Each structure stands twice: as structure tokens, then as C-alpha cells.
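Since every read-out is calculated from the coordinates, none of them should be taken as a lab result. Bear in mind that the values here come from a model prediction, so they are computed numbers and not experimental data. Because the Cβ atoms are built from the backbone with ideal geometry, glycine has one as well, and the counts that use them run over all protein chains shown.
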């Protein structure tokens, strides 16, 4: 398996992977919109020239201001290939890329039983809220730069591409 940056030739397969993983086309259509966002970062997991996983990141705002924060959204692995370390490899590669791109923290709306193993913790414990009505333990953050969140708190907002999901 290889993890590499997403290429335009991957778009159709990425659409299929997201649709299969999420049981519908909502996240697939979201990814198509997110590709237009300045600062979008995306990787694919490929095996035998077949995309089997995908992850993307995009800039977030804090109380309406630009930040050095990124949001992980979405991450997907083909259903038959889940629980084989593919998602973990995508997350590790993506977090490294975000760090290299100058992001200081990454937020995620995700499963509270999955993301803490990578160092994510409940964002509310650090004074951050999400613009969406989600259980607090599903909105998490990881610092990529130590103490980068120490002087921050407030409402984290996602790109307008998320509207209507």
C-alpha cells in the first residue's frame, strides 16, 4: 500500500470510496466542493493502482478569523479494507503534511472511540466549540505545535462547503 497526495486522476475513485464508506454520496459531493478551498490538503491510500482510502484537511476559522488550524474531513476507507491500518496511515501522513504546511492544530468531528488513539482530545476541554450541534466528545483537537492552543478558545467554523450536509 502507498499513501500519496491525491491527483486529479484519482477523483472518480475517491468519489466511490467516500460513497461506499459513508453509505451515500454526501461526503463524496463535499470532497468535490472542498477541492476548491484554498489550503485544501488531500491524500489517498493506493494498492494495485486502486484507491482504497482517502483523507482531506482544510483551513478553519476561529470566531470568524483566519487561523493556523485545520479540520480533518472527511476520512474514508473502503468497507472491506477497514480495520487494517489504512485509516491510521492516512491520519499520520495527513497530520505530518498539516504540520509541514504551518498548521498548529487539527480539529475533527469524529468517533470519540477512534481519534483519541492519535492524540486527539475533546476540544471543549480546551474552550473550543463547534458550529454544528454535535456531542462534545465528538469534536476533538490535536496540537501539532506544543501549546499552540494555550491562548485560544472560541467557536470553530468550517468552510461554507459544509453547509447543507
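The order of 54, 138, going from fewest to most other C-beta atoms within 10 Å of their C-beta, is 138, 54. Counting neighbouring beta carbons within 10 Å and listing from fewest to most, the residues 112, 70, 28, 100 come out as 100, 112, 28, 70. Take the alpha carbon atoms of region 66-135, find their center, do the same for region 1-59, and report the distance between the two centers in whole angstrom. Region 66-135 and region 1-59 have Cα centres spaced 15 Å from each other.
Helix 86-100 versus the longest principal axis of the chain: what is the Cα-based angle in degrees, 0 to 90, to the nearest 10? Result, in degrees: 50. Between the Cα long axis of helix 11-22 and the first principal axis of the chain there is an angle of about 70°, rounded to the nearest 10.
When 140, 1, 75 are sorted by how many other C-beta atoms sit within 10 angstrom of their C-beta, beginning with the fewest, the order is 1, 75, 140. Once the C-beta distance of residue 19 and residue 153 is scaled by a Förster radius of 30 Å, the resulting FRET efficiency is 0.25 to the nearest 0.05.
Taking square-rooted eigenvalues a ≥ b ≥ c of the alpha carbon gyration tensor, is the chain rounded, prolate or oblate, where a/c under 1.5 means rounded and, failing that, a/b exceeding b/c means prolate? It comes out prolate by the Cα gyration axes. An oblate overall shape is assigned to region 60-100, the ratio a/c of its alpha-carbon gyration tensor axes (a ≥ b ≥ c) being 1.5 or greater and a/b not exceeding b/c. The label point for residue 137 and the one for residue 122, both projected 7 Å from the Cα toward the Cβ, are 0.7 nm apart.
When shorter helices are ignored and each DSSP H run of at least 4 residues is given -39500 (n - 2.57), the per-residue value for the chain at 222 nm works out to -7000 deg cm²/dmol.
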